Amino acid sequence: MKILIISWFCTVSASIYAAQKKNVLFISIDDLNDYISPLDNHPGIKTPNFDRLSNRSVTFANAHCAAPACHPSRVAVMTGVHPFRSGIYRNMFRAHGPRWRHESKVLENVVVLSQHFRDHGYWAAGGGKIFHTLQWTPGDSQNDPDVWDEYRGDPLDPISRDWPRPESTEIDQNEGFIGKRPLSNHYFGAAAIEKDDQTYGDHLVVDWAIERMKEKGDRPLFLAVGLFRPHIPFEVSQRWFDLYPIEKVRLPMYLKNDLEDARPHGRIHWHQWVSQNKQWKHLMRGYLASISYVDHQVGRLLDALDSSSLKKNTIVVLWTDHGFHIGEKENWEKFALWDQTTRVPLFIHAPGVSKDGVKTRYPVTLTDLYPTLCELAGLPVPKQCDGKSLVSQLRNPEKRGKSLSLTSFQFQGDSAPSHAVSDRRYRLIQYPDGFEELYDLEKDSHEFHNLSEDLNFSEVKKRLSLGIPTKSAAMVGIPQSSPYNLIRHFR
Ligand SMILES: [Ca+2]
Ligand SMILES: [Ca+2]
């Protein structure tokens, strides 16, 4: 009898232990901004699956990337090290492997998030764009193949084979255009792909992730899924364009002379080209279509999770690498420090922990993800991490605190980085030449009116400036000696 009880006890405690080990579904999306319905910055958007995810998560409605560009933002999330310490503030191309380990001394031996989970008994699987790569640059990838148990396809060319080449849109798009097209190729455009969704792009990455969720492994799963749309080119199947008839497409709020009290972003020629060629609505339509396309892929992941054995025991986190402009402040894409550029969708569901369905304006920096996932999974937080765990916000999203978000970026031609901080209401941007911008997001969500010269706000400015680092790492350069430099030409 005694033996029986002991063996029963051992079996039960082993299964309790296994049940306590939560899986992680880690979804990363490229260039997706706050237009989605739970963040409500574009009336008429069709994103039912983001609503569905929002209803079963805590929605962080005031989350910001660590840097407003793909490469630095992603390195910061995956290492937990903020750009102000690593010196990686901008995109750096032509890498074939984790060249960031050689770009930044601070990152040389850091433990990547997936690696950390693998080191603690997880099966770490990745697919799609997690570290920086592009659809049209085969073999240009900053991924580190050694930080995963498995990676879908070629980890150093993770997405280019999935997408049709954008040249197919050349003829229509260039007809009658004047001036030099931004990127001087066909990547900055919107057009329907004449193929079934099932045969290309993010659909294939999601197919792979669905298979992974169906498998019953003996280790808990850390599954990273990186979706590439709505990154340019805005090319998806016609069915997604059909959701947005061109006559119903709305442009963002726009104020004439808005930039007079702001620092120039250096990309005004993009907007001039768009306006001269009457492309604004067309490109907005392409971006919206691409968002609905990726919303559909998120829905497929949720369906697969819900029909798998992982359903009740999986942490779900979805984040995007930065915000996006479709002509707001005459800017396109990213590479600035306004709320529109840095605010990112962020949803976290943690079984038994998160108060799901609640939205919070608690300020978050994406470097907070690493320690959050560690705490949720019961893993130690590596010393390298700059962020703070969000677990108490997941339990009690309404709780107020004094925290500030921090986004850093070095503008072209500057010799030092700029920084931006947000609290629940205000946003302060400091440039290295001493110029400042301060916005009241509650009264002026489009950041039209720079309040930095208004003495009524000097206390607010003082409080926010405490979040700006007193010392920032110098921007790193490309290490010519790195074995990860890509020397062969793109095909
Ligand atoms: Ca991006
Ligand atoms: Ca303005």
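Computed from Cα atoms, the angle from the helix 70-79 axis to the main principal axis of the chain rounds to 20 degrees. The residues 365, 342, when put in order of fewest to most other Cβ atoms within 10 Å, stand as 365, 342. Cα centroid separation, the range 382-408 to the range 62-83: 15 Å. Helix 202-214 axis versus longest C-alpha principal axis of the chain: approximately 10°, rounded to the nearest ten.
For the range 369-424, what does the relative contact order come out to in percent, with C-alpha contacts under 8 Å and a separation of six or more?
Over the range 369-424, the number comes to 25 percent.
Each Cα pair of the range 23-405 feeds into the Kirkwood radius, which the Stokes-Einstein equation turns, at 4 °C and 1.567 mPa s, into a diffusion coefficient of 62 µm²/s.
For the range 240-376, the spread of Cα coordinates along the three principal axes comes to 54, 36, 20 Å, biggest extent given first.
Peptides 269-277, 35-43, 283-291 ranked from most to least packed by the mean count of surrounding Cβ atoms within 10 Å: 283-291, 35-43, 269-277. Projecting the Cα atoms of 373, 241, 407 onto the charge dipole of the chain, computed from C-beta unit charges around the Cα centre, puts 373 farthest toward the positive end.
Around residue 384, what is the net charge, scoring Lys/Arg as +1 and Asp/Glu as -1 over all other residues with Cβ under 13 Å from its Cβ? Here the count lands on +2. Residues 407, 137, ranked from the fewest to the most other C-beta atoms within 10 Å, line up as 137, 407. Ordering 435, 241 from the fewest to the most neighbouring beta carbons within 10 Å gives 435, 241. For the listed residue pairs 22/471; 46/278; 334/461; 46/281, the alpha carbons are over 28 angstrom apart in 22/471. Short-range pairs are left out: with C-alpha atoms under 8 Å and at least six residues apart, the relative contact order of the chain is 25 percent.
Read-outs: derived from the displayed coordinates by stated rules, not from any lab. Predicted, not measured: the structure shown is a model, and the values here were computed from it. Every residue, glycine as well, gets a Cβ built from its backbone with ideal geometry; the counts of neighbours run over all protein chains shown.
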